[in-house]
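Here is the structure we will look at, set down as structure tokens.
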Amino acid sequence: MARARGRGAGGKRELQKLSKAELYQRATEQDVPGRSKMSREELIDALASSGRRRKKTAA
């Protein structure tokens, strides 16, 4: 089963491979609050948890 590219967080293991700039871009796309002050590790944690709980947005 193929995963949708760019959707959700992709898991911590996948996020750890990304640069801080790439993590910040994903955080921007997911509208993670406080992202501008987060460290790389904090961005990873925030993206990993937001990927699990973010399902409300429907266009």
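None of the figures in this text is laboratory data; all of them are computed from the coordinates on show. Predicted model only: the values in this text are computed from it and were never measured.
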Q: Search the structure for amide H atoms under 5 Å from the amide H of Met38, placed 1.01 Å from N in the peptide plane, and list their residues when 5 or more places away or on another chain.
A: none
Q. On full extension of the chain, what length is gained from Asp31 through Asp45, given 0.36 nm per residue of separation minus the C-alpha to C-alpha distance?
A. 3.6 nm
**Q.** ³J(HN,Hα), Karplus 6.51/-1.76/1.60, whole Hz, each residue of segment 36-46, x for Gly, Pro
**A.** 5, 9, 7, 7, 4, 5, 5, 4, 4, 4, 5
